[in-house]
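A short worksheet on the structure shown next.
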Amino acid sequence: MGDPSANQEPAPRPARAPEGSPDVAATITTPRLLLSPLQVSDASEMEPVLAAGELYHFTGGSPPSREELERRFAAQVAGSPNQGETWHNWIIRLLDGGSVVGFVQATITDEAAEIAWLVGVPWQRRGIATEATTALCDWLRSQGVRSVTAHIHPDHAASARVAGAAGLQPTGEVDDDGEQVWSSPS
Ligand SMILES: CC(C)(COP(=O)(O)OP(=O)(O)OC[C@H]1O[C@@H](n2cnc3c(N)ncnc32)[C@H](O)[C@@H]1OP(=O)(O)O)[C@@H](O)C(=O)NCCC(=O)NCCS
């Protein structure tokens, strides 16, 4: 899916969200996690989470500086320049202790969402991505989203497991970057 932290390109000016579109300010809670709508001030806590080069093995990209992150987050918070499209970004925080451990994101157009996820290396293999992404998909469905899609490198076993646990299935389609398209049955 390309660098999941950069797939929402900077917005010159925000478009108005479509009437009745999902709430960009929604908080999502799971047994272990709090998914909070992204703020520019989250850059300081996210910088160390995004600092490991191995996070970009399957997606491309590289660890961002604090300044790059602040610019990226400002653009993400400003929202999509495309009419009818909304950007939703959440940081993942552990309820126990409050550490920021990653993010999930969704780009919503009409009744379809494209999603991405990342968990920092020290917190991986604890089921955090599965828990956050499953909750995100449940929330999207509760908001009227009928189709959820993710683009996953064919060798990315962990992301395939996350997608499968969240109810997505490989469609057989391969995108221009060679990634497999996974989708929820609508
Ligand atoms: C993909 C990623 C989010 C997984 O995060 P995580 O919190 O470790 O995932 P989970 O703990 O929920 O594990 C999900 C499954 O993947 C497996 N898994 C986790 N890391 C793995 C690895 N490195 N190799 C193989 N399997 C792995 C787990 O065992 C688990 O399997 P199970 O469902 O059979 O129990 C994390 O590796 C990451 O952020 N990678 C970099 C960013 C990225 O590639 N994002 C996705 C773009 S599509």
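Laboratory data are not the source of any read-out in this text; all were calculated from the coordinates shown. Computed from a predicted structure; not experimentally measured. Cβ sites come from the backbone with ideal geometry, for glycine too, and all protein chains shown count toward neighbours.
Using the Karplus relation 6.51 cos²θ - 1.76 cosθ + 1.60 with θ = phi - 60°, the per-residue 3J(HN,Hα) values for the range 89-97 come to 10, 10, 8, 9, 10, 6, 5, 8, x Hz, with x marking Gly and Pro. 3J(HN,Hα) couplings calculated from phi for the range 45-50 with the Karplus curve 6.51 cos²θ - 1.76 cosθ + 1.60 (θ = phi - 60°) are, in sequence order, 7, 7, 4, x, 5, 9 Hz; Gly and Pro show x.
Among 174, 162, a tally of other beta-carbon atoms within 10 Å of each Cβ gives an order, fewest to most, of 174, 162. Between 166, 150, 51, the GNM of the chain built on Cα springs shorter than 10 angstrom shows 51 fluctuating the most. Its relative contact order, with pairs defined as Cα atoms under 8 Å and 6+ residues apart, puts the chain at 22 percent. Please compute the net charge surrounding residue 146, taking Lys and Arg as +1 and Asp and Glu as -1 over other residues with Cβ under 14 Å from its Cβ. Local charge sum for residue 146: -3. Per-residue Cβ neighbour counts within 10 Å put 69, 136, 94 in the sequence 94, 69, 136, beginning with the fewest. Residues in the range 160-176 carry Karplus couplings, in order, of 4, 5, 4, 4, x, 5, 8, x, 8, 10, x, 8, x, 7, 10, 7, 5 Hz; the curve used is 6.51 cos²θ - 1.76 cosθ + 1.60 with θ = phi - 60°, and Gly or Pro positions show x. Cα convex hull, the chain: 110 Å³ per residue, rounded to a whole number.
The helix-based estimate of mean residue ellipticity at 222 nm for the chain, built from -39,500 (n - 2.57) per DSSP H run of four or more residues and divided by its residue count, is -7000 deg cm²/dmol to the nearest 500. Once you sort the root eigenvalues of the Cα gyration tensor of the range 114-156 as a ≥ b ≥ c, which label holds: rounded (a/c under 1.5), prolate (a/b larger than b/c) or oblate (the other case)? Oblate is the answer for the range 114-156, as a/c is 1.5 or above yet b/c matches or exceeds a/b.
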